[in-house]
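Undergrad: My questions all concern the structure below.
The values are calculated or read from the model by the stated rules, or taken from the named source; none is laboratory data. The model shown is predicted, which means the values in this text are computed figures rather than measured ones. We place every Cβ from the backbone using ideal geometry, glycine too, and count neighbours over all the protein chains shown.
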Amino acid sequence: MGQAIGQVLSFGVGVALSPIPIIAVVLMLATPNGRRNGPAFLAGWLIGLGVVGTVVLLAASGGDASEAGAPADWVSVVKLALGLLLLAIAVKQWRGRPGEEQQPELPRWMKTVDRFSAGRCLAMGVAFSAINPKNLILTVGAATAIAQTGVSTAAQAVALVIFVVIGTLGVGAPIAIYFFMGSRSEQLLAQLRDWMARENATIMAVLCLVIGAKLIGDGISAFAT
């Protein structure tokens, strides 16, 4: 089980560090319906990660991701492909980062977040965690990495749960701050929102570069053995 858990830690951190979803949930919490919409977004996030992770894990396990205790060749190919995709995202984010004096542009829908219903917030949570390209790639990578260990089904399930929990820390932290600190959280959350908006592209670029390089390295190492 330890091997499976170790495989998902970096992927979980990569999902957790998602600036735009964190900004979105902070904006939701600042609206009159924040006590309802924030948790709804969090629930959608958990559902999205859990469903995609489970589907990929079942598919990878059914595809014999582990052969005699070692990753199957197709797993290494998947890792190489995912790594290259992440490197492409890293390059795109780095080139698109705003200049020092340039105000970062946020999605237009964020200006209407005060009119969102709980259902829409839940759907957005699912979309950001499960359909967002970066998070989808990381979830596929995590589930495949779990399956390749060849551990028991129960151990794989525990590793997946740990991945989902770690991946939820980013959007969950503002909600926890909001409920535990009350009105005192306003300034702290505003500072978090502004910092995430300013450094979004840099965070994404560095994150995708590091995890992408790791995936490529793992894939090459598997073929070299």
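Undergrad: Select the helices (runs of 4 or more DSSP H) contained entirely in the range 6-111, then report the ones holding at least 3 residues which are modelled with pLDDT under 90.
TA: So the answer is 34-62, 73-95.
Undergrad: Only one of (1) surrounded by fewer than 18 Cβ atoms within 10 Å (Cβ to Cβ); (2) at pLDDT below 90 fails for Met196. Which number is that?
TA: (1)
Undergrad: Could you tell me whether Phe116 is under 21 Å from the mean Cα position of the chain (by Cα), buried (at least 17 other Cβ atoms within 10 Å of the Cβ) and farther than 19 Å from Asp218 by Cβ?
TA: When the stated conditions are applied, Phe116 does not pass them.
Undergrad: For Gln148, state whether it is within 20 Å of the chain's Cα centre (by Cα), surrounded by 15 or more Cβ atoms within 10 Å (Cβ to Cβ) and touching a residue at least 40 places away in the same chain (Cβ under 8 Å).
TA: Taking the combined requirement at face value, the residue does not satisfy it.
Undergrad: In the range 13-42, how many residues are small (Gly, Ala, Ser), over 19 Å from Ala190 (Cβ atoms) and surrounded by fewer than 24 Cβ atoms within 10 Å (Cβ to Cβ)?
TA: 2
Undergrad: Would you mind telling me which numbered condition in (1) at pLDDT 90 or above; (2) surrounded by 15 or more Cβ atoms within 10 Å (Cβ to Cβ); (3) of a type in the set (Gly, Ala, Ser) Ala213 fails?
TA: Only one criterion is unmet by Ala213, namely (2).
Undergrad: Among the residues of the range 119-145, write down those that are within 17 Å of Val55 (Cα to Cα), exposed (fewer than 15 other Cβ atoms within 10 Å of the Cβ) and not aliphatic (A, V, I, L, M).
TA: Hit for the range 119-145 is Pro133, nothing else.
Undergrad: Where the second residue is of a type in the set (Gly, Ala, Ser) and assigned to a helix (DSSP H, G or I) and the first is over 19 Å from Ala127 (Cβ atoms) and lies in the range 28-51, which pairs have Cβ atoms under 7 Å and are six or more apart or on separate chains?
TA: Filtered contacts from the range 28-51: no entries.
Undergrad: If the Cβ limit is 6 Å and pairs must be 6+ apart or interchain, which residue in the range 103-123 that is under 16 Å from Ala40 (Cβ atoms) and in contact (Cβ under 8 Å) with a residue 24 or more places away in the chain pairs with which residue that is among the aromatic types (Phe, Trp, Tyr) and outside any loop (DSSP other than H, G, I, E, B)?
TA: Cys121/Phe41
Undergrad: Out of (1) under 26 Å from Leu80 (Cα atoms); (2) among the aromatic types (Phe, Trp, Tyr); (3) surrounded by fewer than 19 Cβ atoms within 10 Å (Cβ to Cβ), the odd one out for Phe163 is which?
TA: Tallying (1) under 26 Å from Leu80 (Cα atoms); (2) among the aromatic types (Phe, Trp, Tyr); (3) surrounded by fewer than 19 Cβ atoms within 10 Å (Cβ to Cβ), Phe163 fails exactly one: (3).
Undergrad: Among Ile166, Ile203, which is under 13 Å from Ser10 (Cβ atoms), part of a helix (DSSP H, G or I), in contact (Cβ under 8 Å) with a residue 60 or more places away in the chain and among the hydrophobic types (A, V, I, L, M, F, W, C)?
TA: Residue meeting the stated conditions: Ile166.
Undergrad: Same structure again: Would you confirm whether any residue within the range 143-157 is in a loop (DSSP other than H, G, I, E, B), among the β-branched types (Val, Ile, Thr), touching a helix residue (DSSP H, G or I) at 6+ places or on another chain (Cβ under 8 Å) and closer than 30 Å to Ala59 by Cα?
TA: yes
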